[in-house]
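Here the structure comes first, spelled out in structure tokens, and everything after it is commentary.
The values are calculated or read from the model by the stated rules, or taken from the named source; none is laboratory data. Nothing here was measured: the structure is a model prediction, and the numbers come from that model. Note that we place each Cβ from the backbone using ideal geometry, even for glycine, and neighbour counts take in every protein chain shown.
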Amino acid sequence: MTRLIAPLFLVVFALVPLWLNDPYLMNALIITGIFTICAMSLNLLLGYTGQLSLGHVAFFGIGAYVSALTALGFDVSLPFGLRITHEGGSPLLGFVLAILITGVTGYLIGRLSFRVRGAYFVIVTISFAEVVRLVALNWVELTQGPLALTSIPNMTLPLPGLGDLTLRTKMQNYYLVLGVAVLSYLVVARLVASRFGRAMRGLKENESLALSLGVNATRTLTIAATVSAAMAGAAGSLYAHYIRIIDPDVFLFSYTVTMVIMVVAGGKGSLAGPLVGGLIFGLLPVALRPVMAPEAQWIVYGGILIAILFVMPNGIVPALANLTARRRPASLTKTPETPAEAGAQS
Amino acid sequence: MSAILSVEHVGMRFGGLTAIADLHFDVKPGEILSLIGPNGAGKTTAFNIMTGFLKPTTGRVLFEGRDLAKTKPNEIARLGLARTFQRTSVFANDTVLDNVLIGLQRFGEPSLLERLLPTPRALALEKETRARAEAIIDMVGLSARAHEKAGSLSYGEQRLVGFALALAIEPRMLLLDEPVSGMNASETQSFVGLVRKVRDAGVTILLVEHDMPMVMEVSDRIVCLNYGRLIAEGTPAEIRNDAAVIEAYLGKSAAKLDLKEAANA
């Protein structure tokens, strides 16, 4: 049944703009979609390799800044009299560069920190995110610091034979985010099902055994970090060209926490988990806003999170999967005993 | 005949504790060699050194003439030297089939693109890998359990899964660390058949085991360790009558008694 969650989501959310005209809700769905992509990317690391990146927002923010600066252009002077001037280009180029540069960053962070894992990885990623935030805040010449990068152009897609299409409306951006989300989902699904996915699972479950079978731990984890970072970078780029203004607050720690909540509540290590978690915790604030005071909203938000994890410690999707597995007739899960097997057990 | 694995004067100290003082022996291609000795003799430490999980303080290990001093465990596995673990070691949350598939992950290195796209080649490779996994599971006799979680199997069956995992990397040499502990007599008996079958397929086997009847039955040659030193080496018949071995297992006075009895007889 959990296999059907993703296709079901796709159908439902592909149809939403056809009947929903409320720009406020459309905006909420777009932002939720962007964070769901981040959650999917975090799930690749946290859910499948067991490594917690508490600085995931760094990749998101770098993606946003790279994409915005590629589109806007910049003019910075570096030490030794070097000077880099960039005229400004297409947002699509920015999107591609955001993916590449965050991918490389993820690779470097992975290489550096996977020699020592677990808590060390958590600390390295937190520190990294904080360093990047400080750079964005203080390198005013490049990033405008707290003054923010403004007037970031909307995403432009070159359509063959039709010229460029600039995505100005909410509906266009909605479908762009949905498209990238589907691609991200497919990338994760394919990776996890491949032998690379098996290597990740093996490492997470029993590292010594996996090593004895020839699994290269550093390489496997580094690839996971690279792909994960690149996906978060893509989400950052979408965010920059949709919101059209970014400041160092895109590196806020609370965004990372939101991603972690989406993954953990939805079910880490399951493909549909971040989708379900992302939807619930992306839209929950929107749902609570009209019915209660701002202070009460966050209390309820926290209460719901605690309630979910209390009832379903592994997250919503794995709990659903267990439920359906239990309901299935026993004959499907248990093969009848063969004479050979009965003999071996005697 | 040159050795497939040479342990050359290996010593291992953990701080002040000497786990292995001076270990020196060769394993010949195609033989079943057993490493025996009382608990704490250094057998498992020796295994961990041979497979790269520990680096020896002194001496070196050669596999097919190659010094393993700087080789990581996963690289050693890829060279064709596989091992099983003393404690039951399986991927408990995965089915038996998935376990063996994880073991097979080193076969074929599809490009990153092929990892992402279900190209015909990638799909064919996937199908082939699956068939291979099923063949291995069939060989160890766990076909009926293929779709059950490895952690839910009996102790003896989990040892077989561990054995299947080691076979999955198609080793030229296999190190088995107490493979039949937790197995009953009939399971042990069929396991002996399995080990012989694997050896006949050309895989050299080094065995650590406490089940002496099993060791005596299956081994071509036996090496006996005590206090991190090699105390005897020979065929099962020679080892059975070796004074030093008897002393190591039964204590000094017992050994004397045994010898006296032998003299009286």
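Of the residues making up segment B:66-73, one or more are more than 14 Å from chain A (Cβ to nearest Cβ), outside any loop (DSSP other than H, G, I, E, B) and over 27 Å from B:Ala248 (Cα atoms). Among the residues of segment B:85-106, the one identified as at the interface with chain A (Cβ under 7 Å from one of its Cβ atoms), modelled with pLDDT of 85 or more and either in contact with a Phe, Trp or Tyr (Cβ under 8 Å, 6 or more places away or on another chain) or farther than 18 Å from B:Phe163 by Cα (or both) is B:Ile102.
Listed by position, the strands (runs of 3 or more DSSP E) inside segment B:1-49 whose residues that are of a type in the set (D, E, K, R) number at least 2 are B:5-14, B:17-27.
Applying the criterion of at least 3 residues that are within 22 Å of A:Glu130 (Cβ to Cβ) and of a type in the set (A, V, I, L, M, F, W, C) to the helices (runs of 4 or more DSSP H) found wholly in segment A:184-260 leaves A:217-243. Considering only residues in segment A:293-346 that are modelled with pLDDT of 65 or more and hydroxyl-bearing (Ser, Thr, Tyr), the one that is farthest from A:Ile280 (Cα to Cα) turns out to be A:Thr324. Comparison of A:Leu42, A:Leu97 shows that the only residue that is surrounded by 24 or more Cβ atoms within 10 Å (Cβ to Cβ) and either of a type in the set (Phe, Trp, Tyr) or in contact with a Ser or Thr (Cβ under 7 Å, 6 or more places away or on another chain) (or both) is A:Leu42.
Condition check: touching a Ser or Thr at 6+ places or on another chain (Cβ under 9 Å) and more than 10 Å from chain B (Cβ to nearest Cβ). Does A:Ala181 satisfy that? The answer is yes for A:Ala181. Of the listed requirements (1) within 9 Å of chain B (Cβ to nearest Cβ); (2) at pLDDT 90 or above, A:Arg198 misses just one: (2). Per the conditions (1) under 30 Å from B:Arg83 (Cβ atoms); (2) under 21 Å from the mean Cα position of the chain (by Cα); (3) surrounded by fewer than 20 Cβ atoms within 10 Å (Cβ to Cβ), the sole criterion not satisfied by A:Ala225 is (3). Could you please let me know if B:Glu109 is part of a loop (DSSP other than H, G, I, E, B) and either modelled with pLDDT of 90 or more or at the interface with chain A (Cβ under 10 Å from one of its Cβ atoms) (or both)? So B:Glu109 passes the test.
How about segment A:203-232: which of its residues are at the interface with chain B (Cβ under 9 Å from one of its Cβ atoms), under 20 Å from A:Ser113 (Cβ atoms) and small (Gly, Ala, Ser)? Passing the criteria: A:Ala210, A:Ala217.
Taking segment A:14-68 as the range and being part of a helix (DSSP H, G or I) and β-branched (Val, Ile, Thr) as the test, the residues that pass are A:Val16, A:Ile30, A:Ile31, A:Thr32, A:Ile34, A:Thr36, A:Ile37, A:Val57, A:Ile62, A:Val66.
In summary, strands (runs of 3 or more DSSP E) completely within segment B:130-230 and bearing 1 or more residues that are within 13 Å of another protein chain (Cβ to nearest Cβ) occur at B:173-177. Does any residue of segment A:207-218 turn out to be touching a residue at least 24 places away in the same chain (Cβ under 8 Å), surrounded by fewer than 24 Cβ atoms within 10 Å (Cβ to Cβ) and more than 19 Å from B:Arg78 (Cα to Cα)? The answer is no, given that none of the residues of segment A:207-218 is touching a residue at least 24 places away in the same chain (Cβ under 8 Å), surrounded by fewer than 24 Cβ atoms within 10 Å (Cβ to Cβ) and more than 19 Å from B:Arg78 (Cα to Cα).
Give the residues of segment B:41-88 that are on the phi > 0 side of the Ramachandran plot, small (Gly, Ala, Ser) and either touching a residue at least 60 places away in the same chain (Cβ under 8 Å) or in the same structural domain as B:Leu165 (by TED's automatic domain parsing) (or both), sorted by residue number. Scanning segment B:41-88 gives B:Gly42, B:Gly65, B:Gly80.
Among the residues making up segment B:167-189, those that are among the hydroxyl-bearing types (Ser, Thr, Tyr) and surrounded by 16 or more Cβ atoms within 10 Å (Cβ to Cβ) are B:Ser181, B:Thr188.
Within segment A:283-299, does at least one residue satisfy the condition of being over 29 Å from B:Ile169 (Cβ atoms), more than 14 Å from chain B (Cβ to nearest Cβ) and touching a Gly at 6+ places or on another chain (Cβ under 9 Å)? No: segment A:283-299 contains no residue that is over 29 Å from B:Ile169 (Cβ atoms), more than 14 Å from chain B (Cβ to nearest Cβ) and touching a Gly at 6+ places or on another chain (Cβ under 9 Å).
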